[in-house]
Amino acid sequence: MVDTEKLYHESMNAGHSAAWDLEWERAAKHYRKALEVKPNDYQALTSLGLALFELHDYDGALQAYGQAAKVTPQDPVPWEKMAQIYERQGHLRRAVQAALQAADRFMRRGEAKRGVDNYLRVLRLDPENLTAHTHLALIYDRLKQLDRAVEEYLAVAALLQRQGKVQEATRAVQRAATLVPNDPKVRQALAALKTGTLLALPHRPRGGTNPLRMAKIREATAQAAAEAADTDDEKEPPADPITRAQRRALTRLAEVLFEQAEGQESAGGSRGHTSLDALMQGLTSPTARRQQRSRILLLLGQVVDEQTRGNYAQAAEELRRAISAGLDHAAAYFDLGFLLLETGEPDEALRYLQKSMAHPDFALASHLLAARAHRKLGKQAEAAQHYLEALRLADMSVAPPEQADALGHLYEPLIAQVSSDVDEEVVARIADNVEQLLSRPDWQQQVAQARQQLMQEKQAAGLLPLADMLMEAQSGRIVEALTTIHNLLDRGAWGAALEEAQLALAYAPAYLPLHILMADILAERGMTDVAEEKYLAVARTYLARGNADQAVNLYRKVLELNPTHVEAHARLIEALVRQNKLEEAIAHYMQMADAHYQLAELQKARQAYERALKLAQRLPKGQVWQRQILRQLADLAEQQLDWRQAALMYEQIRTLEPEDREVRAKLIDLQLKLGRVRQAMAELDDYIRYLRRNDDLAQVLTLLNDLREAHPNVGDIDLRLGQVYAALGQKQEAIRAYDTAGEKFLDSGQVEDAIRAVETILALEPPDADAYREALAQLRAQAGE
């Protein structure tokens, strides 16, 4: 045990040291070693997540932070990091969801600033997100940042109005009016709501452009890949080498814009050494480099925008200018080579492709593009050389690591032979076969299967390059046939397998596993809608047969494809309730509610929570679930500015958690917002008695001071504050609090209460008692005593 602990600490320290030196590969290696010792260690997971993020391994970083979020569910940091990564990847919906989770957790920890930052991140990505605007309105309201609170309440009103919820929109504007009564925007909003005029929707905050660019890149590349192959949105879409490299190149250029913007935010606009600096060449003067950086950033933004719109010629022109301005990176050279070839400039494309061939991320694709360029120029021998170079890299990528270098050397004489071989038939055969093999999304599988077949046929020949096989006549068709047979016999996948399954249905129409297999194939091919319907149909049949376990498994398959599938959630819950698995059913109701919540369907979210609450009440020990669900219902009511409903929820929570200060404070605050001062003071007095029984007067003082700040016109709070100070023997503080209470009572016309406050002060024998006696006489005269 001691050795294990020692190994963990040594690995972590080594990782931190490497991270300090910005050696992220080495840092990741040490953090992984620490995780071998402690697989669920939060510190190791988040450290690994950071290292992988810096290495641009975003999928790996997401996995690490996701695991950290499971280890410490209430910690906001992993969610914040996941939001940043999803934003980088262009997954805007997921970024919004993660940022909302982070914001909620930061607020619960009392870190309002970071909570606000995450809500603002949401609005940069989704400026009409009702959840974020509602929370910001409440936060700014609580922090007395009145201008911002008003702005958010007006945004909430505009969004509610668009949903047809005019009454709720009016309440939001009325709340803004209580904060800043004479604000012309508020008056105009109230008038607009009365006449039915639409309020202006909120604008996207500054900083939302780069995530949109990344989203466009993701959508464009996914669409391009989908035209050639089936895709799974949860992972990087499979693609041929050129498509994959082009995607990487454009993403890398967009990331430069991201990193620059993030750096300016964190450094207040000043920058030290940046990612862009590493991609720049030439100038050394700080002023000149700043000007160079600004020009390159402007041009890169135009490149990304034009290329994602499909304007390749204009994108190529802007990228040329960026490179002329000093941009120096293989991603830029490859992307420009790709663009130039696409726009009919093969000669010029070769110039830039030559520069990108040395980078491992772009080498294979660069050779393929160069081969195509030479073919367009009529240079068949040169094209064959580049095709063989591309094949060499592909062959090495699937070979055992210990054989890769030796295999690469075997290609050298073949490439040399082709350069001097003028046999047009041989050259054309190489070009056609390599193009056929590598220009497809499943090229790695094809190469691996071709290599396996080659080794089976020529076992005695030792290590052989795949080029030997592809230089034979009709070999491309042989590979294609072997691939098809392998898929049918070993995996039962894709179109042919689906056809075979459909034929089998003719003689086994009621065999449900066959239907499930068809749905699996459809799902693998990206036909998720059809797959979902088939899973649901089979599940219904299983339920009719009384097999709820199989039905549950199928509903879960649907939810793996589409986590927000409402019918699947509902049917899964029904099946779980049939099996009396109530806690699992409650958990799925919570997921349903969260799905509706993310879509701003608050009424549907509320219904799901209410159904979950009914199930929780059936559990022998369901108080934990009840508290969690009631808190969600209360939060929803607050977002809809339904203080009455929120108060009802918190009353139930208070019954379950009488000692929870946050719940008590929230309930008192809501009663005061509703103008129920008497009920609020009764609740406050009850909680004060509870705390005093536990000798926790310090907690009482904190609560009272918070309430006084939130409701500065309620004299009853100051009255109780005076009572507590008196009990603590702090006479002067008590007098000051009673005096403040008396002034507030008098301002609100509560003369009798003001008299009682002054009488209490006199009972404390203040130094200026005569002045208070005189004030008391005046108050009694005013009251007609």
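The values are calculated or read from the model by the stated rules, or taken from the named source; none is laboratory data. Predicted model, so just to flag it, every value in this text is computed and none were measured. For neighbour counting, all protein chains shown are included, and Cβ atoms are generated from backbone atoms with ideal geometry for every residue, glycine included. To get the accessible areas, we keep the full protein, side chains included, count just its heavy atoms, and leave off ligands, DNA and RNA. Shrake-Rupley method; radii C 1.70, N 1.55, O 1.52, S 1.80 Å.
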Where residues in segment 636-684 are among the β-branched types (Val, Ile, Thr) and surrounded by fewer than 21 Cβ atoms within 10 Å (Cβ to Cβ), which of them is nearest to the chain's Cα centre (by Cα)?
Thr655
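Can you tell me which residue is farthest from Tyr597 (Cα to Cα) among those in segment 123-141 that are assigned to a helix (DSSP H, G or I) and touching a Pro at 6+ places or on another chain (Cβ under 6 Å)?
We begin by selecting, within segment 123-141, every residue assigned to a helix (DSSP H, G or I); these are 123-125, 130-141.
Then keep just the ones that are touching a Pro at 6+ places or on another chain (Cβ under 6 Å); that gives 123-125.
Details: Leu123: 16, Arg124: 19, Leu125: 17 Å.
That would be Arg124.
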Any residue in segment 68-91 that's touching a residue at least 24 places away in the same chain (Cβ under 8 Å): show its pairings with residues that are outside any helix (DSSP H, G or I) at Cβ separation under 7 Å, as long as the two are six or more apart or on different chains.
Val71/Asn40; Pro76/Arg109
How many residues of segment 1-60 are modelled with pLDDT under 90 and basic (Lys, Arg)? The answer is 1
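When you scan segment 685-700, how many residues do you find that are more than 15 Å from Val663 (Cα to Cα) and either aliphatic (A, V, I, L, M) or open to solvent by 70 Å² or more (accessible area, probe 1.4 Å) (or both)? Step through it out loud before you land on a result.
Within segment 685-700, the subset more than 15 Å from Val663 (Cα to Cα) is 689, 692-698.
In the following step, the residues that additionally are either aliphatic (A, V, I, L, M) or open to solvent by 70 Å² or more (accessible area, probe 1.4 Å) (or both) were identified as 689, 692-695, 697-698.
Adding up the residues that qualify gives 7.
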Residues that are in contact with an Asp or Glu (Cβ under 8 Å, 6 or more places away or on another chain) and modelled with pLDDT under 85, drawn from segment 382-407:
Leu407
Can you pull out every residue in segment 33-49 that is crowded, with 16+ Cβ neighbours inside 10 Å and over 20 Å from Pro73 (Cβ atoms)?
Lys33, Ala34, Val37
Taking segment 279-327 only, how many residues are modelled with pLDDT under 65 and outside any helix (DSSP H, G or I)?
7
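Are there helices (runs of 4 or more DSSP H) fully within segment 142-207 with at least 3 residues that are farther than 27 Å from Pro712 by Cα, in contact (Cβ under 8 Å) with a residue 60 or more places away in the chain and of a type in the set (Asp, Glu)? List them.
Numbers: elements: 146-162, 166-179, 184-195.
It comes to none.
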Kindly list, by first and then second residue, each pair from a residue in segment 39-52 that is under 14 Å from Ser11 (Cα atoms) to a residue that is of a type in the set (D, E, K, R), limited to pairs with Cβ atoms under 7 Å and residues at least 6 apart or on different chains.
Ala44/Lys38; Leu48/Arg32
Residues of segment 728-750 being of a type in the set (A, V, I, L, M) and closer than 18 Å to Leu762 by Cβ, which ones?
Ala734, Ile735, Ala737, Ala741, Leu746
For Val186: the one exception among (1) open to solvent by less than 70 Å² (accessible area, probe 1.4 Å); (2) of a type outside the set (S, T, N, Q); (3) over 34 Å from the mean Cα position of the chain (by Cα):
(3)
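Quick one: would you say Val180 is open to solvent by less than 10 Å² (accessible area, probe 1.4 Å) and of a type outside the set (Phe, Trp, Tyr)?
Values: open to solvent by less than 10 Å² (accessible area, probe 1.4 Å): no; of a type outside the set (Phe, Trp, Tyr): yes.
Taking the combined requirement at face value, the residue does not satisfy it.
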Can you tell which of Tyr312, Tyr333, Tyr352, Tyr387 is open to solvent by 30 Å² or more (accessible area, probe 1.4 Å) and among the aromatic types (Phe, Trp, Tyr)?
Tyr312
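Tell me the helices (runs of 4 or more DSSP H) entirely within segment 2-115 that contain at least 2 residues that are closer than 30 Å to Arg142 by Cα and of a type in the set (S, T, N, Q). Working first, answer last.
Values: elements: 2-20, 24-37, 42-54, 58-71, 77-89, 92-108.
Counting at least 2 such residues, we get 92-108.
Residues checked against (1) at pLDDT below 90; (2) β-branched (Val, Ile, Thr); (3) surrounded by fewer than 21 Cβ atoms within 10 Å (Cβ to Cβ):
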| position | (1), (2), (3) |
| --- | --- |
| Gly66 | no, no, yes |
| Ala69 | no, no, no |
| Ala83 | no, no, no |
| Gly90 | yes, no, no |
| Arg109 | yes, no, yes |
| Ala112 | yes, no, yes |
| Leu130 | no, no, no |
| His133 | no, no, no |
Among Tyr333, Tyr387, the single one that is among the hydroxyl-bearing types (Ser, Thr, Tyr) and within 30 Å of Val426 (Cβ to Cβ) is Tyr387
Looking at Glu36, Glu5, Glu54, which one is touching a helix residue (DSSP H, G or I) at 6+ places or on another chain (Cβ under 6 Å) and acidic (Asp, Glu)?
Glu54
